[in-house]
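Novice: I'd like to ask some things about the structure below.
The values are calculated or read from the model by the stated rules, or taken from the named source; none is laboratory data. A quick note: this is a predicted structure, and the numbers were derived from the prediction, not measured. Methodologically, a virtual Cβ is constructed for each residue, glycine included, from the backbone with ideal geometry; neighbour enumeration extends over all protein chains shown.
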Amino acid sequence: MTIFDAKTLANEGVRNLSPYQAGKPIEELERELGIRNIVKLASNENPLGLSAKVKQALQDQLAGLARYPDANGYYLKTCIAEKFNIKANQITLGNGSNDVLELIARTFVSDKNEVIYSQHAFVVYPIVTQAIGAKGIAVPAKDYGHDLDGMLDAINDRTRMIFIANPNNPTGTFLASDALHNFLKSVPANVLVVLDEAYSEYVAEEDRAPSFQWVNEFPNLLVTRTFSKAYGLAGLRAGFAVTGAEIADLLNRVRQPFNMNSLSLRAAEVALGDTGYLEKSVIVNDTGMAQLTLFCDEQGLRYIPSRGNFLTIEVGEDAAGIYQKLLHAGVIVRPVAGYELPRHLRVSIGLPEENQVFIEAMKKILAEQVG
Ligand SMILES: *Cc1c(COP(=O)(O)O)cnc(C)c1O
């Protein structure tokens, strides 16, 4: 008689996969500890909440929800194309950029391939690689960031794809435009480079790489963006890739037709045009970043200089214990031991008063450690 064993039926890569660990939801901590007024600085969300314009647009959209969404996302693609001066046929929409990253891997990577990413890189890269059964190559980081020369050295005949997040999560490290451009020139044309620019909006405009233009220069380049961070739509799930038209055509063959729903399509469209909200988000982030780095400097805490909307702070050996103590103080941050950063905690930039709650809680914890 045969016995049922789900694990042996699963694809080999899937059997050894660890699921993505998201930031702890506020409601979960409320349930567990019975506390209120929780401050969540764990998932790099926009602390401003939904913009008023998006909220109104969502309300207007409700009546249409019995209908299927536009499978091609015509209006959103038109808006993206206009805003960034690209063509609509270069765009692939996703249910968050995670969806696009997975779509890219499934379209191009097979179990015979290798995929390169950096140590301390976004965990979705190893997950999508492993799920396919491909071999992930984590190149040791340099000063917590990408070692581009090391990544070039790791390329071999089996290499199909390289993932680079710029700025990187969870380190906040940033690659200058020149360095990236030189790197792209050195990558063989048959190796795809996925440039994940989830935090691009937080980088000063003059420092941003002209990545959408590079797509014309490097047909093997794929750039991804998200509406989850500076645009403030994390809960709606909206992201996209900009690539050459040929790659977009392939991605759109694999993409589920309704991967973005009517609400996320409309919200993303309105958010793109809401420059006031975007500007405010960047100011709030710059202010909060200064507030947190000043606190660290005063306390003698080291941190990784960040160009994102979060700061990864070296709190020492007892990072896990400090994380727990912060939870009990009603502050959720993100442990990053799973990113080979066991001495660090990643703190998302919140509103000034939220950052202050974290700062006060940390001060108390640090004082107890000494005492
Ligand atoms: C947050 C983040 C994303 C965005 O994910 P969504 O699925 O769009 O919410 C993508 N890449 C990195 C590196 C991130 O940190």
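Novice: Looking at Leu251, is it within 16 Å of the ligand (Cβ to nearest atom), part of a helix (DSSP H, G or I) and either in the same structural domain as Pro305 (by TED's automatic domain parsing) or touching a residue at least 12 places away in the same chain (Cβ under 8 Å) (or both)?
Specialist: yes
Novice: Moving on. Residue by residue through the stretch 187-211, note down the ones that are farther than 22 Å from Asp99 by Cα, touching a Phe, Trp or Tyr at 6+ places or on another chain (Cβ under 9 Å) and either away from the ligand (no atom under 16 Å from the Cβ) or at pLDDT below 95 (or both).
Specialist: Passing the criteria: Val187, Ala189, Asp207.
Novice: Taking the condition within 14 Å of the ligand (Cβ to nearest atom) and among the basic types (Lys, Arg), does Lys229 pass? Write out each step before concluding.
Specialist: Values: within 14 Å of the ligand (Cβ to nearest atom): yes; among the basic types (Lys, Arg): yes.
For Lys229, the condition - within 14 Å of the ligand (Cβ to nearest atom) and among the basic types (Lys, Arg) - is met.
Novice: Out of all the residues in the stretch 125-144, is one or more among the acidic types (Asp, Glu) and free of Cβ contacts under 8 Å to residues at least 24 places away in the same chain?
Specialist: Going through the stretch 125-144, the residues among the acidic types (Asp, Glu) turn out to be 143.
Subsequent filtering for residues that are free of Cβ contacts under 8 Å to residues at least 24 places away in the same chain retains none.
Within the stretch 125-144, not a single residue is among the acidic types (Asp, Glu) and free of Cβ contacts under 8 Å to residues at least 24 places away in the same chain.
Novice: Does the stretch 26-39 contain any residue that is within 16 Å of the ligand (Cβ to nearest atom) and not in a helix (DSSP H, G or I)?
Specialist: No, the stretch 26-39 contains no residue that is within 16 Å of the ligand (Cβ to nearest atom) and not in a helix (DSSP H, G or I).
Novice: Exactly one of these conditions fails for Asp111: (1) away from the ligand (no atom under 11 Å from the Cβ); (2) under 14 Å from Val194 (Cβ atoms). Give me its number.
Specialist: Checking Asp111 against (1) away from the ligand (no atom under 11 Å from the Cβ); (2) under 14 Å from Val194 (Cβ atoms), the one that fails is (2).
Novice: Oh, and also: Give me the pairs: first residue in the stretch 92-106 and over 22 Å from Ala134 (Cα atoms), second residue part of a strand (DSSP E or B) and among the small types (Gly, Ala, Ser), beta-carbon distance under 9 Å, and six or more apart or on different chains, which are they?
Specialist: Thr92/Ala241; Leu93/Gly239; Leu93/Ala241; Gly94/Gly239; Gly94/Ala241; Asn95/Gly239; Gly96/Gly239
Novice: Return the pair list, or none, for Cβ contacts closer than 6 Å from residues in the stretch 1-27 that are free of Cβ contacts under 8 Å to residues at least 12 places away in the same chain and closer than 15 Å to Lys135 by Cα to residues that are loosely packed, with under 10 Cβ neighbours inside 10 Å and charged (D, E, K, R), at least 6 apart or on different chains.
Specialist: Arg15/Lys7
Novice: Report whether or not Arg307 is in contact with a Gly (Cβ under 7 Å, 6 or more places away or on another chain), charged (D, E, K, R) and under 27 Å from Glu27 (Cα atoms).
Specialist: When the stated conditions are applied, Arg307 does not pass them.
Novice: Continuing with this model, one more query. Report the residue count in the stretch 138-156 for those that are surrounded by 19 or more Cβ atoms within 10 Å (Cβ to Cβ) and within 20 Å of Tyr20 (Cβ to Cβ).
Specialist: Going through the stretch 138-156 one residue at a time, the tally reaches 0.
Novice: Six or more apart or on different chains, Cβ under 8 Å: which pairs go from a residue in the stretch 165-186 that's at positive phi to one that's among the hydrophobic types (A, V, I, L, M, F, W, C) and not in a loop (DSSP other than H, G, I, E, B)? Could you list them?
Specialist: Gly172/Ile304; Gly172/Phe310; Gly172/Leu311
Novice: Now a separate question. Out of Asp274, Asp297, Asp249, which single residue is among the acidic types (Asp, Glu) and in contact with a Lys or Arg (Cβ under 9 Å, 6 or more places away or on another chain)?
Specialist: Testing whether each residue is among the acidic types (Asp, Glu) and in contact with a Lys or Arg (Cβ under 9 Å, 6 or more places away or on another chain) leaves just Asp274.
Novice: Go through (1) among the aromatic types (Phe, Trp, Tyr); (2) surrounded by 11 or more Cβ atoms within 10 Å (Cβ to Cβ); (3) modelled with pLDDT under 95 and name the single condition Phe84 misses.
Specialist: Answer for Phe84: the failing condition is (3).
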